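Here's the structure, in structure tokens; my notes come after.
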4 protein chains.
Amino acid sequence: MRKVCVVVSSHTDYVGVKTIMQAIKEHEDLELQFIVGGSALLERFGASVNYMIDDGFAPDAQIYMEVEGDNLMTMAKTVGLAIIETAVTLERLQPDIVLIVGDRYETISAAIAASYMNIPLAQTMCGEISGTIDEHIRHAITKLAHIHFPATRLSEQRILRMGEDPEHVYMVGCPTVDRIINGAQDDNLDIFDRFKGVGGRLDLSEPFLLAMQHPVTTEYQDARRQIEETLSALQTLKMPTIMIWPNIDAGHAAMAKGIRTFRENNEVDNWLHMFKNLPPDVFLNLLDKCACLIGNSNCGIREAPALGTPVVNIGTRQKGRERASNVIDVDYNRHKIIDAILTQYAHGKYTPNFLYGDGRAGKRIADILATCELNINKRMTY
Amino acid sequence: MRKVCVVVSSHTDYVGVKTIMQAIKEHEDLELQFIVGGSALLERFGASVNYMIDDGFAPDAQIYMEVEGDNLMTMAKTVGLAIIETAVTLERLQPDIVLIVGDRYETISAAIAASYMNIPLAQTMCGEISGTIDEHIRHAITKLAHIHFPATRLSEQRILRMGEDPEHVYMVGCPTVDRIINGAQDDNLDIFDRFKGVGGRLDLSEPFLLAMQHPVTTEYQDARRQIEETLSALQTLKMPTIMIWPNIDAGHAAMAKGIRTFRENNEVDNWLHMFKNLPPDVFLNLLDKCACLIGNSNCGIREAPALGTPVVNIGTRQKGRERASNVIDVDYNRHKIIDAILTQYAHGKYTPNFLYGDGRAGKRIADILATCELNINKRMTY
Amino acid sequence: MRKVCVVVSSHTDYVGVKTIMQAIKEHEDLELQFIVGGSALLERFGASVNYMIDDGFAPDAQIYMEVEGDNLMTMAKTVGLAIIETAVTLERLQPDIVLIVGDRYETISAAIAASYMNIPLAQTMCGEISGTIDEHIRHAITKLAHIHFPATRLSEQRILRMGEDPEHVYMVGCPTVDRIINGAQDDNLDIFDRFKGVGGRLDLSEPFLLAMQHPVTTEYQDARRQIEETLSALQTLKMPTIMIWPNIDAGHAAMAKGIRTFRENNEVDNWLHMFKNLPPDVFLNLLDKCACLIGNSNCGIREAPALGTPVVNIGTRQKGRERASNVIDVDYNRHKIIDAILTQYAHGKYTPNFLYGDGRAGKRIADILATCELNINKRMTY
Amino acid sequence: MRKVCVVVSSHTDYVGVKTIMQAIKEHEDLELQFIVGGSALLERFGASVNYMIDDGFAPDAQIYMEVEGDNLMTMAKTVGLAIIETAVTLERLQPDIVLIVGDRYETISAAIAASYMNIPLAQTMCGEISGTIDEHIRHAITKLAHIHFPATRLSEQRILRMGEDPEHVYMVGCPTVDRIINGAQDDNLDIFDRFKGVGGRLDLSEPFLLAMQHPVTTEYQDARRQIEETLSALQTLKMPTIMIWPNIDAGHAAMAKGIRTFRENNEVDNWLHMFKNLPPDVFLNLLDKCACLIGNSNCGIREAPALGTPVVNIGTRQKGRERASNVIDVDYNRHKIIDAILTQYAHGKYTPNFLYGDGRAGKRIADILATCELNINKRMTY
């Protein structure tokens, strides 16, 4: 009975591993361990740990790691604090495998703790290209990981070219797509009563927009201007808009200040409603129903194509990621953002595209973890 | 005037950057900043910070980071503590570039702090293959680094194959070889008076052995047996032997206990003398004069060939590193170690081989750092 | 030339040491060192470090120490992180004396770092009695401190009874009162333009209220209800009200949520305006001009009597502190709060009372620090 | 069923709580939780956690907290790291009471973590006077503690005079004396085979000395000279001497170096044998049988009088502690140490004196913990 310890540190992480966690939990040869940390614990970022608990995943440890400051140095300090506490937690839980998602600072903390403790490390969403510091961290983690779960053929090839052993690279598709194909959407659109948030009650039977824009750490001093361009574009259009709060990456406080000031200075309650975040299945429903997703979230690249949802992707954060035809890329420029939204609105839904997976990633990953060779010695293949 | 911050955390690190630091210090367009941490500060490991100060390098910061425990978890915790404090120190020093050496846990701490703080990162000794956790860490750091200084053509090719941008990969040779070619040896063999250590006063005009064996973290529970095999072999031969203390990697306390018990239980003062470490130039002289180097140190692979010194390399720690014909590899086995030493002793000096460089690495690196493009955005090339 | 390192971690700390810092800076035998940390660095709590810089105090170090989470455990973790970094900073600054204020978690961090580093420690606002965890911490720090600056005769007596050496206990008065007597008030009432905040523009020529209520850590799970009682009382009265945001103690997020929800659910812009904080001299002016101060802030007990300002003090936070007749104490109960405000409003200004000092504390403290004996060995007197 | 969490961080701590732990374990209304940390985990300091496990106390958490460096700053950093991890551990264990011993840096870490987490805190060995930083820390902890267990009437009075509530101060005697009265001595004197150590096999049927000298942190730069005076005195006498290694307080590395150099430079194997430490019951037997205890250990003041063992107490570490007539105090001076040892040897055993307790402290403490009022609100009594 292998113990697989899944480390989740943000709402996005959770969206990316939910079906894996379910598959592990249901697998007769696996035992699920579950560490939750980072912004997933914080009210200010929506405390999505509560969604996890509601879904039946009781954490084995909750790691409060975020050193407040919203600057690059505090991000680095957060990594340090996270490593210390994750190491202690892994010593207590004694997992056989640590499974991590992608490329965030909380993720590399778990990767480093596991590496030095000789615990085999499995990574999902690896081999992809993007912008921001995540690009560097993702591949650094790959060089620490023993088991690789890329989502696409191209990602798989990159991992192999980086010198990873083909025997431990498994192209499984992206777990985020599993939920779409399995029909996980929560169709109850009464989100204003259910999840409060701030702003007016919008009529979601009208065409509406979904916005979600995160800081780019490598451009973090530009964060406020970046969000203001988007807000200004949305303000011009005044279509009903659901906006999700920026994540905790350096620059978030500047973005938050930009949003708060915008809300104070403009009459927005008739078209804008903000949520810190929403349960994954509720969000998925909105992503499906919205006329267009605007911002720089992963989900525009990964989940939206499978739903056929049009996307206006802003800036460098997703630069280099494989994408389907549902995405229009624009710069941080209010006029270009408006134009792109109008184009997407005119186009309407795209034909669904499954370049990020066939919906069986979670189950595949669990099966592999139950049987794959575990060996902490790895060496570059060339 | 670019500020280059060199991070040194161990005696070995220092040997690897000394000529770079000199070249930076002398370069009119560069300013040297210098952080020293880890075992280099600790009496128990020879406090080699004192050698650095004697060489004219006054530290801008001394980071006490080692969480004691000699196990894998405390190594991980040390990384965490090191990141926290290195981040604070970089914020204070505001360097334009951070330069790190190789692959140790203190090294990845500096790499992560610099990465999250958007400071361009340069790495030496990259692209090499070895054993122990260092193998993983070295390549993970490469994925974080912006400027790469491999020592050999093969290492350079590996880095390019890993997807690093050719414009930022510079094959410069290994700085450790600079000192050999520049004749840095300190010829004064009166080391027992000068540096004390423990054990008898040996006659170094006789053929003598030099031994240096470090823990392998991925085999750390076997550390004591590993050193005992070597000690037993040396005990059989009873040639005059200078032995350097194991480094601080997990397993060192078990090795230290093995050595202390061996010294208590055997009459060794007539053939064995131990030093925690020695100034780099004094060690280089011993490496040149000894009949054979025994153990698993880097320097058997890097510096010894340039001196023609025979080497008996034990175990997996150097597995995969490019080597010249001066090295005989053996397993952790007292009989095989004895045989190999006798073979090397019979052979005597080898023809010098410069596969690790032509002696101008330090100067080259400084020149490149003074002029190279600095850009924190990097992306995999494929 | 003695180096005195003042450690400031919150807006309140700063109010309590501003005149000391000025006096140290102007003293010819003293050199001021200045560490700022904690919530004083955070935008979310008003970043009052900016006021300090505006006042001419450039920090020698900025310590980001707050581990986010708004619970008791993260308060404790924050203390730990603060000690680590304060120790490193003190090692760099090498002060002759560390001066701290009162009783907060950031304060005990500095006290412990200084104590273990054999640096003489001076404490202000000591010997007082209050509620919340501060009560314990204040006296614990006194047992670590070498030089004591109580503000009142009673506080002085308590410190002597606790076994401190009379030679090192100096009754100097409270530095917060210095500013009142020196006429530091900033009379410009155009605070809505100058400092923004949220809420409507109020007419401050009308009688107005000032509200300021912090969490009580020993009752932290009751924090939301406590603020709701106050808000409900204020809502009933609808007098123009300036409210200052709660400080960072555990419970603040619950209070903040209470305030935000209250603002969303009620029409308050015509009577309520909120600031994260205000420059000390601006606040002092409001404290002087307001019809009544409501909440549980220190300043109702210390500064308000010297101004004759009526105070409604709510709950246990100030329990046990010496107070003048300007204070009415009430429980967390909306009806009692309303009654007390109405009583105070009817009463109007009180005769000024200077039980917390004669306005020369800062200068006295600087003079003593310049000449007092410094000796890290202290022993209880009985 | 109250959960009492005992925190032990050093061999000495354990000696001080062993009988309390036994009594808690046997008490039907109490559940024992047990955190072990600090030097008690480290091989270099004898890893006395093994004795605890042998005694049937399996730790609920092992906290590796020691930041290596042997200086004052690393002591402070260790406190910080200890608080972080202790807070996390207490959150997991959810004790009703935390019980700590005395005055060490690991102790105040637990005290602070518990205080901020609103967990009632009980302290033993409080109210005593001594030298070194422990003097300050002990009383600071008392101001944080809710339940006080002084060992003597005088200590009890000091705690009351410090303003603690008489209802929560219990004069119980010192648990270290329990073991003497209960006859815990391990009479097997074959310690050289059983516990190894270094040095010659001594004839313990002859009169022998027991030596145990720790660093004094407030004099830490004098540590080496202090131990050298003692060693020189012992060297003159050349009586069979069992010496216990210094504890981990700042200065220990200098002392260790002094001892190692002394052993290398002198022929000592015929009279000196060193142990890192010994199981409590074995040590107690030696303390009973030895002709004289030399050094500055607590046990000369607490346990030795109950056994009638003569003591030569050196320096300031025990300054101010109540003592019986079995103790001669001397300065750090080899000649005075020799004279005092000879005087004590001539005198022989003293009449046992029980000023530190009647041997029932452990049981009393457990009974009180099972029934006493638990209330985190405390206030100074005056």
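For C:Lys143, the conditions (1) buried (at least 24 other Cβ atoms within 10 Å of the Cβ); (2) more than 11 Å from chain D (Cβ to nearest Cβ) are fulfilled apart from (2). Per this entry, A:Glu31 is not counted among residues that are within 11 Å of another protein chain (Cβ to nearest Cβ) and in contact (Cβ under 8 Å) with a residue 24 or more places away in the chain. Looking only at residues in region A:298-329 that are among the β-branched types (Val, Ile, Thr) and buried (at least 23 other Cβ atoms within 10 Å of the Cβ), the one that is farthest from the other protein chains (Cβ to nearest Cβ) is A:Thr309.
For region D:71-81, the set of residues classified as more than 7 Å from every other protein chain (Cβ to nearest Cβ) and either small (Gly, Ala, Ser) or in a loop (DSSP other than H, G, I, E, B) (or both) consists of D:Asn71 only. Consider region B:1-19 and keep the residues that are assigned to a strand (DSSP E or B) and more than 16 Å from the chain's Cα centre (by Cα). The one that is surrounded by the fewest Cβ atoms within 10 Å (Cβ to Cβ) is B:Lys3. Taking region D:34-43 as the range and being buried (at least 20 other Cβ atoms within 10 Å of the Cβ) and within 14 Å of chain B (Cβ to nearest Cβ) as the test, the residues that pass are D:Val36, D:Gly37, D:Gly38, D:Ser39, D:Ala40, D:Leu41, D:Leu42.
Checking each residue in region B:244-260 for being in a helix (DSSP H, G or I), closer than 24 Å to B:Ile133 by Cα and of a type outside the set (Val, Ile, Thr) picks out B:His252, B:Ala253, B:Ala254, B:Met255, B:Ala256, B:Lys257, B:Gly258. Taken over region B:369-378, the criterion of being in a loop (DSSP other than H, G, I, E, B) and in contact (Cβ under 8 Å) with a residue 24 or more places away in the chain is satisfied by B:Cys372, B:Glu373, B:Leu374, B:Asn375, B:Ile376, B:Lys378.
Just one of the numbered conditions (1) more than 15 Å from the chain's Cα centre (by Cα); (2) under 24 Å from C:Pro246 (Cα atoms); (3) aromatic (Phe, Trp, Tyr) is not true of C:Tyr105: (1). For region C:339-349, the count of residues that are surrounded by 20 or more Cβ atoms within 10 Å (Cβ to Cβ), at pLDDT 95 or above and hydrophobic (A, V, I, L, M, F, W, C) is at least one. Checking each residue in region A:156-184 for being of a type in the set (S, T, N, Q) and not in a loop (DSSP other than H, G, I, E, B) picks out A:Gln157, A:Thr176. Taking A:Thr371 as the residue in question, decide whether it is of a type in the set (S, T, N, Q), away from chain B (no Cβ under 14 Å) and over 21 Å from the mean Cα position of the chain (by Cα). Taking the combined requirement at face value, the residue satisfies it.
Annotation: of all residues in region A:336-368 being in a helix (DSSP H, G or I) and in contact with a helix residue (DSSP H, G or I) (Cβ under 6 Å, 6 or more places away or on another chain), the one that is farthest from the other protein chains (Cβ to nearest Cβ) is A:Lys363.
Conditions (1) within 14 Å of chain C (Cβ to nearest Cβ); (2) closer than 21 Å to A:Ala40 by Cα; (3) outside any loop (DSSP other than H, G, I, E, B); (4) out of contact with any Cys (no Cβ under 7 Å at 6 or more places or on another chain), marked per residue:
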{"residue": "A:Ala223", "(1), (2), (3), (4)": "yes, no, yes, yes"}
{"residue": "A:Glu228", "(1), (2), (3), (4)": "no, no, yes, yes"}
{"residue": "A:Leu234", "(1), (2), (3), (4)": "no, no, yes, yes"}
{"residue": "A:Ile242", "(1), (2), (3), (4)": "no, yes, yes, yes"}
{"residue": "A:Leu278", "(1), (2), (3), (4)": "no, yes, no, yes"}
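Here D:Thr381 clears all of (1) touching a residue at least 60 places away in the same chain (Cβ under 8 Å); (2) β-branched (Val, Ile, Thr); (3) part of a helix (DSSP H, G or I) except the condition numbered (3). Among the residues making up region D:102-124, none is in a loop (DSSP other than H, G, I, E, B), more than 12 Å from chain C (Cβ to nearest Cβ) and modelled with pLDDT of 95 or more.
Does region A:175-199 hold any residues that are surrounded by 19 or more Cβ atoms within 10 Å (Cβ to Cβ) and of a type in the set (Gly, Ala, Ser), and which are they? Passing the criteria: A:Gly197, A:Gly199. Please indicate, with yes or no, whether at least one residue in region D:163-178 is under 21 Å from the mean Cα position of the chain (by Cα), small (Gly, Ala, Ser) and not assigned by TED's automatic domain parsing to the domain that holds D:Val268. Yes, there is a match, as at least one residue in region D:163-178 is under 21 Å from the mean Cα position of the chain (by Cα), small (Gly, Ala, Ser) and not assigned by TED's automatic domain parsing to the domain that holds D:Val268. Being within 11 Å of chain B (Cβ to nearest Cβ) and surrounded by 24 or more Cβ atoms within 10 Å (Cβ to Cβ) holds for only one residue in A:Leu90, A:Leu154, A:Leu99, and it is A:Leu90.
Among the residues making up region A:273-305, a single one is farther than 21 Å from A:Ser10 by Cα and within 16 Å of the chain's Cα centre (by Cα): A:Pro305.
The set of residues in region C:128-155 being among the β-branched types (Val, Ile, Thr) and either under 18 Å from C:Pro305 (Cβ atoms) or part of a loop (DSSP other than H, G, I, E, B) (or both) consists of C:Ile129, C:Thr132, C:Ile133, C:Thr152.
Among the conditions (1) within 12 Å of chain C (Cβ to nearest Cβ); (2) closer than 19 Å to D:Asp13 by Cβ; (3) out of contact with any helix residue (DSSP H, G or I) (no Cβ under 7 Å at 6 or more places or on another chain); (4) not aromatic (Phe, Trp, Tyr), the only one that D:Met65 does not satisfy is (3). Restricted to region B:253-271, and to residues there that are more than 20 Å from B:Pro215 (Cα to Cα) and crowded, with 17+ Cβ neighbours inside 10 Å, the residue that is modelled with the lowest pLDDT is B:Val268.
Residues in region A:20-58 that are assigned to a helix (DSSP H, G or I), under 14 Å from the mean Cα position of the chain (by Cα) and closer than 20 Å to A:Thr176 by Cα: A:Ser39, A:Ala40.
The values are calculated or read from the model by the stated rules, or taken from the named source; none is laboratory data. All figures in this text were calculated on a predicted structure; none of them were measured in a lab. So basically every Cβ, Gly included, is an ideal-geometry build from the backbone, and we count neighbours across all protein chains shown.
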